[in-house]
Amino acid sequence: MAKKTEKDNVTLTGETAPEEAAESVEINGGTTRTATDSSTDAEFARNTERVKAFSKSIATVKAELAKDVVGQKEIIDNVLIAIVAGGNVLLEGVPGVGKTRLVRSLGKTLGLPFSRIQFTPDLMPSDVTGTNVIEKGADGKMNTVFQHGPIFANLVLADEINRATPKTQSSMLEVMQEHKVTIAKQTYTLSEPFFVLATENPIEQDGTYPLPEAQMDRFIFKLIVEFPSVKELADIVNMTQITLDETANAVIDGPTVMEMRELAKSVPVIDDVLTYAVNLVSNSHPELEKTSETAKKYIKYGASPRAAQALITAAKVRALMNGNYNVSYDDIDALACPVLRHRIKVNYTAVNEKLGVDEVIGLLVQENKKLCR
């Protein structure tokens, strides 16, 4: 199936059109991009250079993060995807695996204003968003002034977010989705890029509260930080014996991140890949008449429409990170677990058969491949 965009007159197809004898370039997964005239050649060359610059910038950021974070390459890749895509990330892992260190180092590497909120059971919503206070002006009159909370930063670390009560957690819903804060009928817009990286301890630990489903859906990814290997643990110990401070340097800035985000928006997605992603989300709903056997057997609640949006948005960024200017099936498959693991609920059958949510998602992906590819 071919798709031609009006913007750059570029054809995306599984094979070169026979009537066009222009130069063809293999991009990704068998997809061929055919230039039909000199203006298109120039546009294609410009996009190629932009993709190379994008990939190089990401590689530079990852090299700096490696100075402070041992291992966790997949976690770092997905966090960078989320930042460029404009989403928020939830990191889950036991204490001491480097979740907070990763965020602090990320703030230094991106050169963005950084703020940390330590969530505790007694934290109030106003402690997060800010509140109106009364101050005496130069003229002696009392005025109401809005005092910004720690949420007003480009990079916000919500540390141990599941230790706060649901009331305080819900105070972040608007800011995470719309990048705005409303206090006393007055709306304040946050500066871009804005990114929330929340860390949480496993729910079964004492003193934690499960996050509301509406808030979970605001995270583009949920990432699981695994305990390091013996070698990685030794590297961590050796690194922290030298210094506990982050040593990464700023290599890009906020405007650069926004430029990268705009480039990602322009990445084309052929109809077949879009259908593949949409079907993956739709097939997670057991209540639908036409759904997957996996959903009927193992899933209690399916993913929301935000999951389909997150899959495509993040897949575009992942394609650019890998040097491609189009989204492939592999991009969708690679992001299925980070996007879906916090958006679907498995039923008792899955628990009884000792299948975790990631295993169920893997079954969904395999079944989706058979149906759509």
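Which ones in region 209-248 are surrounded by 14 or more Cβ atoms within 10 Å (Cβ to Cβ), charged (D, E, K, R), part of a loop (DSSP other than H, G, I, E, B) and at pLDDT below 70?
GLU246, the sole residue that qualifies.
Considering region 91-124 alone, what residues qualify as being in contact with a Ser or Thr (Cβ under 8 Å, 6 or more places away or on another chain) and more than 22 Å from ASP253 (Cβ to Cβ)?
Across region 91-124, the qualifying residues are LEU91, GLU92, GLY93, LYS99, THR100, PHE119, PRO121, LEU123, MET124.
What are the pairs, 6+ residues apart or on separate chains, where a residue within region 170-190 that is more than 20 Å from TYR209 (Cβ to Cβ) has its Cβ under 6 Å from a residue that is outside any helix (DSSP H, G or I) and among the aliphatic types (A, V, I, L, M)?
HIS179/LEU190; TYR188/VAL181
Taking region 295-350 as the search range and keeping residues that are in contact with a helix residue (DSSP H, G or I) (Cβ under 8 Å, 6 or more places away or on another chain) and among the aromatic types (Phe, Trp, Tyr), which one is nearest to GLU43 (Cα to Cα)?
That would be TYR325.
Has region 68-86 got any residue that is of a type in the set (Val, Ile, Thr), in a strand (DSSP E or B) and touching a Leu at 6+ places or on another chain (Cβ under 8 Å)?
Restricting attention to region 68-86, the residues satisfying the condition of being of a type in the set (Val, Ile, Thr) are 69-70, 75-76, 79, 81, 83-84.
Next cut, in a strand (DSSP E or B) only: none.
So far as region 68-86 goes, no, none of its residues is of a type in the set (Val, Ile, Thr), in a strand (DSSP E or B) and touching a Leu at 6+ places or on another chain (Cβ under 8 Å).
Look through LYS4, LYS73, LYS67, LYS62 and report the one residue that is modelled with pLDDT under 80 and under 28 Å from the mean Cα position of the chain (by Cα). So that I can check it myself, show each step before the final result.
Numbers: LYS4 fails: under 28 Å from the mean Cα position of the chain (by Cα); LYS73 fails: modelled with pLDDT under 80; LYS62 fails: modelled with pLDDT under 80.
Only one candidate qualifies: LYS67.
Which one of THR120, THR48, THR40, THR100 is among the β-branched types (Val, Ile, Thr), touching an Asp or Glu at 6+ places or on another chain (Cβ under 9 Å) and farther than 30 Å from GLN169 by Cβ?
After applying the criteria, what remains is THR40.
Counting just the residues of region 44-59 that are under 19 Å from the mean Cα position of the chain (by Cα) and touching a residue at least 40 places away in the same chain (Cβ under 8 Å), which one comes out surrounded by the fewest Cβ atoms within 10 Å (Cβ to Cβ)? Write out each step before concluding.
Filtering region 44-59 down to residues under 19 Å from the mean Cα position of the chain (by Cα) leaves 54-55, 57-59.
Within this subset, residues satisfying the condition of being touching a residue at least 40 places away in the same chain (Cβ under 8 Å) are 54-55, 57-58.
Numbers: PHE54: 22, SER55: 15, SER57: 20, ILE58: 21.
Among those residues, the one meeting the criterion is SER55.
The values are calculated or read from the model by the stated rules, or taken from the named source; none is laboratory data. Just so it is clear, the model here is predicted, and its values are computed rather than measured. So basically every Cβ, Gly included, is an ideal-geometry build from the backbone, and we count neighbours across all protein chains shown.
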